[in-house]
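Let me begin by presenting the structure, written as structure tokens, before commenting on it.
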Amino acid sequence: MLHVLACGGLLTACEIGSEARPAPPPPVVGVSPPRQVPAPAPPGGLRRVVPEPQERTLANQALALKLGAVGARVDDPCVTPSAAGCGRTALAPFFESLDAMSAGTASTPTVIEAFGNSLIAGDRIVDILREDLGAGFGVAGRGVLLVDRMAPYGGRGRTGYSRSGWQPRTLGELRKPPHPFGITGVYHVATTAQARSRFKLEGEPHGTLWWLDVPHAGALTVRSGDAVLARTEPLGSGLSKSTRFVVPAGATVVDVVAEGKGAVVQGVVLQQARPGIVLDMLGVPSADASLYARLEDGALRSQLAEREPRLLVFFLGGNESKRLEWKRTDLKTLRADLGTLLRRARAAAPSSACLVVGPMDAVRDAKDRGKALTQRPFLEAVVSAEREVSLAEGCAFFNLYEAMGGKGSLERFHRSGYMHDDLVHPRGRGLDVLGHLVTDALLRAWAETPPSSGSVASRVPVQAPPSATATETPP
């Protein structure tokens, strides 16, 4: 578990950063893997088969069943009708990338951009998606990283290492920060000259520094040992910039150094050139679709064009349901803001698939912990609205609330020890279960969807997984 200083509802961050998950549990006795139902293959074509589950996946599946998290199907709308029914669904670009990796014909990484709120900001939930897809299709590196953490606590799995000298600003702040945001939704301002962040390398041949050309700020340099790999040339334009660098053979670290106070870094990209999965965690505490309007158009377009994602994922709805309860927004605004975000992102990455993951189960703010938990009043309305908007915008939708067991599922997680005391954020293996539900649904949809022809409107029925016979003692 991560060490958490505070958890005060969805508007504050729990488990920001990522520390190593405990070692996988021993094999789970009595649990069979989910039944694999490959899609009918065209003559001579590729047959889609879900990769063999790992021990950790089986353990997560067993725990999900114990918690009543039975899973759900992905709503994958038809975006290209054909005479036979449907020629292409919303997730087709991503599925085709999985096909290429399965067939050994891929030549570049398959990049996933995961936007969202504090549910994923600690790089949990999406880490299961990254690791399980990577185990089946290969890994191509870390992708987008930050120069420092988003808060004074948490791990550094998705950041460089810095002792001090960087001030984080996020799009989730109550008052709009002074500078625009790129796709990370975070930037770090150098508070001193020579502020430094170090990244350990994992064999990456090259990288990219994303920075903001703010007035009166010094240059940034990328170094490896005594060698300067790149140096920015600030002009004070206020625009988001991208500076690429080549990593010398044998290098083990690179440093990003601010020559002067006030330099702004939006992110650092480190990945391999080989085929495999890269998942960029872009979650920000307090984020909702309306706050994502703070992403600057030029940076959104240029950075997504650089990343060339095959799947855009949006984990949203938790903050929206809470703000509806507080009467700070309404469903009309929610629909409009989500639609705008999806259109902007899809216009910036037209070759990418799109998936919206709805909110998990949620309860009212409970000051008296002795009272029975009551479901948040607007939760199901938010799920319905997000599904409606997603499908209308040509995006797939995954109902996480239904997948984790619907009404009352948060209480089951809580009784089993998998919720923080704020009754908003899952913890530990509770997060792993939610990640498993998303990954399992995506892989099932891929396996059950015909690769290139035929109708996808009616898929092969999948039998419910067998019930678990193993038990686990909550922490």
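Just a few scattered comments:
- Any chance GLY165 is surrounded by fewer than 22 Cβ atoms within 10 Å (Cβ to Cβ) and small (Gly, Ala, Ser): yes
- Residues of segment 40-76 classified as in contact with a Ser or Thr (Cβ under 7 Å, 6 or more places away or on another chain) and either part of a strand (DSSP E or B) or under 18 Å from VAL438 (Cβ atoms) (or both), total: 5
- Residue in segment 303-314 that is closer than 30 Å to VAL70 by Cβ, of a type in the set (Lys, Arg) and touching a residue at least 60 places away in the same chain (Cβ under 8 Å) present: yes
This table checks each residue for (1) free of Cβ contacts under 8 Å to residues at least 60 places away in the same chain; (2) in a loop (DSSP other than H, G, I, E, B); (3) of a type in the set (Ser, Thr, Tyr); (4) closer than 21 Å to LEU220 by Cα.
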| residue | (1), (2), (3), (4) |
| --- | --- |
| ARG142 | no, no, no, no |
| ASP148 | yes, yes, no, yes |
| ALA151 | no, yes, no, no |
| PRO168 | yes, no, no, yes |
| GLU173 | no, yes, no, no |
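- The single condition among (1) crowded, with 16+ Cβ neighbours inside 10 Å; (2) among the aliphatic types (A, V, I, L, M); (3) over 22 Å from the mean Cα position of the chain (by Cα) that LEU171 does not satisfy is (3).
- Across segment 367-408, the qualifying residues are those that are within 25 Å of the chain's Cα centre (by Cα) and charged (D, E, K, R), and the one among them that is nearest to CYS354 (Cα to Cα) is GLU393.
- The residue of segment 190-215 that is surrounded by the most Cβ atoms within 10 Å (Cβ to Cβ), among those that are touching a residue at least 60 places away in the same chain (Cβ under 8 Å) and charged (D, E, K, R), is ARG196.
- When THR221 is tested against the conditions (1) closer than 19 Å to TRP166 by Cβ; (2) within 22 Å of the chain's Cα centre (by Cα), the lone failure is (2).
- Among residues of segment 340-356 that are within 18 Å of ASP75 (Cβ to Cβ), those with a Cβ under 6 angstrom from a residue that is among the polar types (S, T, N, Q), sequence gap 6+ or separate chain, pair up as VAL356/SER390.
- Pairs are defined by a Cβ separation below 6 Å, a sequence spacing of at least 6 or placement on different chains, a first member in segment 86-114 that is in contact (Cβ under 8 Å) with a residue 12 or more places away in the chain and part of a helix (DSSP H, G or I), and a second member that is crowded, with 18+ Cβ neighbours inside 10 Å and among the basic types (Lys, Arg); the pairs so defined are PRO93/ARG310; PHE94/ARG310; SER97/ARG310.
- Scan segment 175-214 for residues that are assigned to a loop (DSSP other than H, G, I, E, B), within 24 Å of the chain's Cα centre (by Cα) and closer than 22 Å to ALA273 by Cα and the total you get is 6.
- Within the set LEU279, LEU291, the sole residue that is in contact (Cβ under 8 Å) with a residue 60 or more places away in the chain, hydrophobic (A, V, I, L, M, F, W, C) and out of contact with any strand residue (DSSP E or B) (no Cβ under 6 Å at 6 or more places or on another chain) turns out to be LEU291.
- Per this entry, GLU411 is not counted among residues that are within 17 Å of GLU320 (Cβ to Cβ), among the acidic types (Asp, Glu), surrounded by 14 or more Cβ atoms within 10 Å (Cβ to Cβ) and in contact (Cβ under 8 Å) with a residue 12 or more places away in the chain.
- Whether a residue is basic (Lys, Arg) and within 30 Å of MET101 (Cα to Cα) was assessed, and ARG231 does not pass this test.
- Cβ pairs under 6 Å, 6+ apart, first in segment 251-271 and within 22 Å of ARG142 (Cβ to Cβ), second among the acidic types (Asp, Glu): LEU270/GLU204
- Pick from segment 340-365, criterion touching a strand residue (DSSP E or B) at 6+ places or on another chain (Cβ under 9 Å) and among the basic types (Lys, Arg), ranking: surrounded by the fewest Cβ atoms within 10 Å (Cβ to Cβ): ARG364
- Residue count for segment 289-313 under the criterion of being buried (at least 21 other Cβ atoms within 10 Å of the Cβ) and touching a helix residue (DSSP H, G or I) at 6+ places or on another chain (Cβ under 6 Å): the result is 7.
- Identity of the residue in segment 134-160, farther than 18 Å from ARG196 by Cβ and in contact with a Gly (Cβ under 6 Å, 6 or more places away or on another chain), that ends up modelled with the lowest pLDDT: GLY154
- Filter result for SER458 (polar (S, T, N, Q), at pLDDT 50 or above and assigned to a loop (DSSP other than H, G, I, E, B)): no
- Filtering LEU379, LEU282 for residues that are under 28 Å from ARG149 (Cβ atoms) and crowded, with 22+ Cβ neighbours inside 10 Å leaves a single hit, LEU282.
- ARG156 being among the basic types (Lys, Arg), touching a strand residue (DSSP E or B) at 6+ places or on another chain (Cβ under 8 Å) and touching a residue at least 12 places away in the same chain (Cβ under 8 Å): no
The values are calculated or read from the model by the stated rules, or taken from the named source; none is laboratory data. These numbers come from a predicted model, not from an experiment. No Cβ is skipped: glycine too gets one built from the backbone with ideal geometry, and neighbour counts run over all protein chains shown.
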